[in-house]
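The values are calculated or read from the model by the stated rules, or taken from the named source; none is laboratory data. These numbers were taken from a predicted model, which means no experiment stands behind them. A quick note on method: Cβ atoms are made from the backbone with ideal geometry, for glycine too, and the neighbour counts reach across all protein chains shown.
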Amino acid sequence: MTLPHRPLLLLAALLALALVPAAATAAAGPDRGDPPSAAAFARATRSLLDGGQLDHRSADRTARSGGIAASPVPATLFPRRRLLTLYGAPQLSATILGKLSPAAAARKAVRQARPYARIGDRPVIPGFDLIAVVANSTPGPDRKYRTRQPARLIRAYLREARAIDGRLVLDIQPGRARVADEVEALERWLEKPEVDISIDPEWEVGPRGVPGRDAGRIEAKEINRISRRIQRIIDANDLPPKALVVHQFHRGSVRKRRRIVQRRDVDVTLNFDGIGSPAAKAVGYRALSSPAAFNGFSIFYSLDTRVMSPRSVLGLDPAVDFLLFQ
């Protein structure tokens, strides 16, 4: 879910979408491309931390949700509520979180959520989908082709999410690492009541793949293992429900989706990441939705041919539970 299209991945997306009605073929995959090298990402992280951008906290609390979310940490998520997030990482300038400070992103998330709360049928929770594990084009020190974000950075976004009575979704781009290992590394954050997990299987390239060169995928049995682990964390810490979001832009992103298991307190959600016209995106979303999961929808500020209005998004079938803005 970053950077310019690679022809091979775009072709794969179009071939996969050929299995659904023709109108959906305009909804290509998200803005794919070469992820940052491990060294370049490390330099960007050092610059960010040394520059003190994460230490500033706005004294202006007018961004607070003001009742959009109904309660700071709700006792239920989907389908009683809708979650709306801004996506990215501060080191990645092509993402919306790479263009704004954490405090400014919090204000934007609230502004983005208000029309959905006003005309929709549920309270809307604003928040962030922060890339907490970033895929790399080079091996890095442990040769896993991914970098874990520092605790200080995650803490800054959690602080701002709490300031708007929102949520923080920690996104995993695993590279060659196992998703289960990355979830384990994030467990300290998952013990917080307002923290969720998302997985980007495009970047799960297996033990020999290279992010940006090889397309990844995930199977239902792996999703089920992760949701089981999250349920155990919830039970052990007496937490409210959490979301587990899995991004997809073609049928091959999630295999055997009908075998996905919904846990008592883990709302497994398939998020449609297609780019294109509103009509093509609607068809692609419908084709990739699943009765075994809740459903999400991505909107790309710059790459979609036209940004869909809240009324159009809320009119999608099936109803959208999770919204991501990139």
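Here are the numbers:
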item: Residue check, Ala16 in contact with a Gly (Cβ under 7 Å, 6 or more places away or on another chain), part of a helix (DSSP H, G or I), farther than 19 Å from Ile164 by Cα and modelled with pLDDT under 95; result: yes
item: Residue in the stretch 194-202 that is touching a residue at least 40 places away in the same chain (Cβ under 8 Å) and either surrounded by fewer than 17 Cβ atoms within 10 Å (Cβ to Cβ) or assigned to a helix (DSSP H, G or I) (or both) present; result: yes
item: Within the stretch 61-94, considering residues that are closer than 26 Å to Arg46 by Cα and at pLDDT below 95, the one surrounded by the most Cβ atoms within 10 Å (Cβ to Cβ); result: Ala94
item: Residue that is farthest from the chain's Cα centre (by Cα) [pool: residues in the stretch 117-138 that are under 21 Å from Gly88 (Cα atoms) and surrounded by fewer than 24 Cβ atoms within 10 Å (Cβ to Cβ)]; result: Thr138
item: Residue satisfying condition, being under 18 Å from the mean Cα position of the chain (by Cα), surrounded by fewer than 24 Cβ atoms within 10 Å (Cβ to Cβ) and in contact (Cβ under 8 Å) with a residue 24 or more places away in the chain, within set Arg143, Arg148, Arg159; result: Arg148
item: Pairs where the first residue, in the stretch 163-177, is under 20 Å from Asp142 (Cβ atoms) and the second is surrounded by 23 or more Cβ atoms within 10 Å (Cβ to Cβ) and of a type in the set (S, T, N, Q), C-beta under 8 Å, 6+ apart; result: Leu170/Ser198; Asp171/Ser198; Ile172/Ser198; Gly175/Asn136
item: Residue match in the stretch 159-173 (condition: among the small types (Gly, Ala, Ser), under 23 Å from Phe322 (Cβ atoms) and assigned to a loop (DSSP other than H, G, I, E, B)); result: yes
item: Residue match in the stretch 117-128 (condition: within 20 Å of Leu170 (Cα to Cα), modelled with pLDDT of 95 or more and either assigned to a loop (DSSP other than H, G, I, E, B) or of a type in the set (Phe, Trp, Tyr) (or both)); result: yes
item: Tally of residues being touching a Phe, Trp or Tyr at 6+ places or on another chain (Cβ under 8 Å), assigned to a loop (DSSP other than H, G, I, E, B), more than 22 Å from Ile199 (Cβ to Cβ) and not hydroxyl-bearing (Ser, Thr, Tyr) across the stretch 261-314; result: 1
item: Any hit, the stretch 246-259, residues being aliphatic (A, V, I, L, M) and either modelled with pLDDT of 95 or more or surrounded by fewer than 16 Cβ atoms within 10 Å (Cβ to Cβ) (or both); result: yes
item: Of the criteria (1) crowded, with 24+ Cβ neighbours inside 10 Å; (2) under 18 Å from Ala177 (Cα atoms); (3) aliphatic (A, V, I, L, M), which one Val210 fails; result: (1)
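Condition check ((1) modelled with pLDDT under 90; (2) of a type in the set (Gly, Ala, Ser); (3) under 21 Å from Phe322 (Cα atoms)) across all residues:
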| position | (1), (2), (3) |
| --- | --- |
| Pro201 | no, no, yes |
| Gly209 | no, yes, no |
| Gly212 | yes, yes, no |
| Ala220 | no, yes, yes |
| Ser227 | no, yes, yes |
| Arg232 | no, no, no |
| Leu239 | no, no, yes |
